[in-house]
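Q: Take a look at the following structure, please.
Laboratory data are not the source of any read-out in this text; all were calculated from the coordinates shown. Fair warning: this is a prediction, and the values are worked out from it, not measured in the lab. Here Cβ is always computed from backbone atoms with ideal geometry, including for glycine, and neighbour counts include all displayed protein chains.
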Amino acid sequence: MADDKCSKCGKEAVICREYEGRALCKKHFSIDINKKVKKTIREGNLVESGDTIAVGLSGGKDSAVMLEQLVEIFGDRPDIDIVAIAVHEGIDPYRDESISAAKEMCDELGIELKIGRYSDYYDLKMDDVADAGAKGNCTYCGIMRRDLLNKLCREVGADKMAIGHNLDDEAQAILMNHIKGDMKRMARIGPKKDPVNHEKFTPRIKPLRDVMEKEIALYSRLHDLGVIDRCPHVQETSLRPLVKSFINRLESEMPGIKYSIVSQGREISDLVEDNIDWDDKDNQIEECDKCGEPCSGNLCRKCQLLDEIKVAADSSEKHSFELD
Ligand SMILES: [Zn+2]
Ligand SMILES: [Zn+2]
């Protein structure tokens with residue numbers, strides 16, 4: 001195993017990559033991260049001339065590193081526009097802090113930032129509806145966030161939305177799809193595939209999908225990017241943390257396993273995709289009767305959830321009134 005000297009220049013190393021058997025200093029590690037991101041973009045043909053790319057900023061390390069990398073790679077290209085988008089869920093002060101950090105970062109990079117608030121689009125704040133629904137806060141919030149990010153993409157005229165999914169996220173998603181036997185989602189694994197194929201749905205790209213989470217964390221520390229990202233209303237589902245710790249244990253025993261899970265997942269995804277009848281009516285994407293957003297069925301999940309939250313809030317209001 002490599003010692004604590006950079007295998008390129010002999011300076012002090014910031015990381016020992018067991019999966020490659022080499023160590024890298026800050027400079028060579030940073031160059032290598034940039035190379036990995038460029039390779040992902042080039043091989044997946046993720047960005048094309050004329051594209052407006054909306055970068056979803058969460059305030060966390062992944063999306064901050066992604067924006068910095070995209071600006072470094074495409075900042076001087078007159079034929080490619082980069083716009084940042086962020087969602088304020090109405091979680092104070094957690095989200096106020098990360099939004100002001102996002103603003104600061106965009107100002108420094110000279111990037112326009114478009115913010116969408118749940119209060120403006122759905123007439124609610126997560127602080128007011130947290131713990132109101134039976135499905136758990138992260139489910140509700142995630143569905144609304146996805147809906148709003150897509151709306152923001154249309155508002156800024158984005159051709160693609162870049163999301164900060166890293167190698168670990170991708171490996172977890174692949175294993176979870178296997179465990180749940182979710183073939184349709186399996187078919188949608190890949191750098192440029194989407195859960196929804198519809199003209200109102202902005203295609204997603206994942207420029208960080210070949211970079212490990214811990215390397216993004218290290219890069220963000222070394223370059224002072226992103227803020228602590230821990231929502232006070234978080235309620236994690238039981239499966240993902242289990243899968244995450246399982247994959248991390250495998251990786252420590254067998255360095256490089258995350259890369260093999262992801263590359264196999266990609267191959268399986270292509271095979272599965274060929275075997276799904278996308279013209280079948282169960283696989284068709286319609287528009288929601290209520291809000292017009294793309295969905296499968298008559299009512300989109302966001303509209304269903306907003307209804308559920310409303311019912312739960314009404315009944316708890318009645319209940320507290322009775323107690324008074
Ligand atoms: Zn070096
Ligand atoms: Zn709807």
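Q: Using only the alpha carbons, work out the radius of gyration and Dmax of the chain in angstrom.
A: 20.9, 72
Q: Considering the options His28, Ile41, Ala13, tell which one lies farthest towards the positive end of the dipole of the range 1-44, charges being +1 on Lys and Arg and -1 on Asp and Glu at the Cβ, about the Cα centre.
A: After comparing all options, I get Ile41.
Q: Mind checking which lysines have their C-alpha under 16 Å from Lys61, skipping anything on the same chain fewer than 8 residues away?
A: The qualifying lysines are Lys103, Lys206, Lys214.
Q: Helix 239-253 against the longest principal axis of the chain: what's the angle in degrees, Cα atoms only, rounded to the nearest 10?
A: Here the helix axis deviates by roughly 10 degrees.
Q: Just from the alpha-carbon atoms, what are the Rg and Dmax of the range 1-44 in angstroms?
A: Looking at the range 1-44, its Cα Rg and Dmax stand at 11.3, 34 Å.
Q: Set the Förster distance to 45 Å, then compute FRET efficiency between Ser100 and Leu299 from the Cβ-Cβ distance, nearest 0.05.
A: Result of the calculation: an efficiency of 0.80.
Q: Highest mean first, how do 8-14, 261-267, 79-85 rank when packing is the count of other Cβ atoms within 10 Å averaged over residues?
A: Going from most to least packed, we get 79-85, 261-267, 8-14.
Q: Taking neighbour counts of Cβ atoms within 10 Å as a proxy for exposure, in what order, fewest first, do Thr52, Thr202, Thr237, Thr40 appear?
A: Exposure proxy ranking, most exposed first: Thr237, Thr52, Thr40, Thr202.
Q: Using 0.36 nm per residue, how much length does the chain from Asn197 to Asp307 gain when fully extended, once their Cα-Cα distance is taken away? Please report the intermediate quantities before stating the final value.
A: On the way: separation 110, 0.36 × 110 = 39.60 nm, distance 2.53 nm.
Difference between extended and current length: 37.1 nm.
Q: Tell me, what ³J(HN,Hα) does each residue in the range 294-305 have, in order and in whole Hz, if you take phi through Karplus 6.51 cos²θ - 1.76 cosθ + 1.60 with θ = phi - 60° and put x for Gly and Pro?
A: So the J values, rounded to whole Hz, are x, 6, 9, x, 8, 10, 6, 5, 4, 5, 4, 5.
Q: Further, regarding this structure: Which links in Lys125/Lys290; Lys8/Lys39; Lys5/Lys39 stretch past 23 Å when you go from one Cα to the other?
A: Lys5/Lys39
Q: Give me the orientation-averaged projected area of the Cα convex hull of the range 173-290, in nm², one decimal.
A: In nm², the orientation-averaged hull projection of the range 173-290 is 10.4.
Q: Report, in degrees rounded to the nearest 10, the 0 to 90 angle that the Cα long axis of helix 257-274 makes with the longest principal axis of the chain.
A: The angle comes out near 50 degrees.
Q: What is the antiparallel percent of DSSP beta bridges lying wholly in the chain, to the nearest 5? Before the final figure, lay out the partial values.
A: Working: 6 of 22 bridges.
Counting DSSP beta bridges with both partners in the chain, the antiparallel share is about 25 percent.
Q: Which shape class, rounded, prolate or oblate, goes with the range 97-137 when its Cα gyration tensor gives a ≥ b ≥ c as root eigenvalues, a/c under 1.5 marks rounded, and past that a/b bigger than b/c marks prolate?
A: It is prolate, given that a/c is not under 1.5 and a/b is the larger ratio.
Q: Okay, helix-only estimate at 222 nm for the chain: each DSSP H run of n ≥ 4 adds -39500 (n - 2.57), divide by all residues, round to 500 deg cm²/dmol; what do you get?
A: Values: 12 runs with 161 residues, N = 324.
Calculated from helices alone, the mean residue ellipticity at 222 nm is -16000 deg cm²/dmol.
Q: At 0.36 nm per residue, minus the direct Cα-Cα distance, what do Ile179 and Arg240 gain on full extension? Give it in nm, one decimal, please.
A: Fully extending the segment from Ile179 to Arg240 adds 20.9 nm.
Q: Among Ala102, Pro255, Gly226, which residue has its Cα positioned farthest towards the positive end of the charge dipole of the range 47-323, with +1 placed on the Cβ of Lys and Arg, -1 on the Cβ of Asp and Glu, and the dipole taken about the Cα centre?
A: Value computed over the given set: Pro255.
Q: Can you find, among Pro203, Leu306, Gly164, the residue sitting farthest towards the positive end of the charge dipole of the chain, where Lys and Arg contribute +1 and Asp and Glu -1 at Cβ?
A: Most positive-ward Cα: Gly164.
Q: Quick check for me: using +1 on Lys/Arg Cβ and -1 on Asp/Glu Cβ, what's the dipole size of the chain about its Cα centre, in debye to the nearest 20?
A: It works out to roughly 1100 debye.
Q: Non-local amide H neighbours of Ile205 (under 5 Å, H modeled in plane, Pro and chain starts lacking H): which ones?
A: Met161, Ala162, Ile163
Q: Right, something else. Using the Kirkwood radius built from alpha carbon pairs, what does the Stokes-Einstein equation give as D for the range 13-84 at 37 °C and 0.692 mPa s, in µm² per second?
A: The calculation lands on 241 µm²/s.
Q: A further question on this structure: As I understand it, the value is the acute angle between the Cα axis of helix 94-109 and the longest principal axis of the Cα atoms of the chain; what does it come to in degrees, rounded to 10?
A: It is inclined by approximately 50 degrees.
Q: Amide H neighbours of Lys114 under 5 Å, counting only residues 5+ apart in sequence or on other chains, H built in-plane at 1.01 Å?
A: Answer set, sorted by chain and number: Ala84, Ile85, Ala86.
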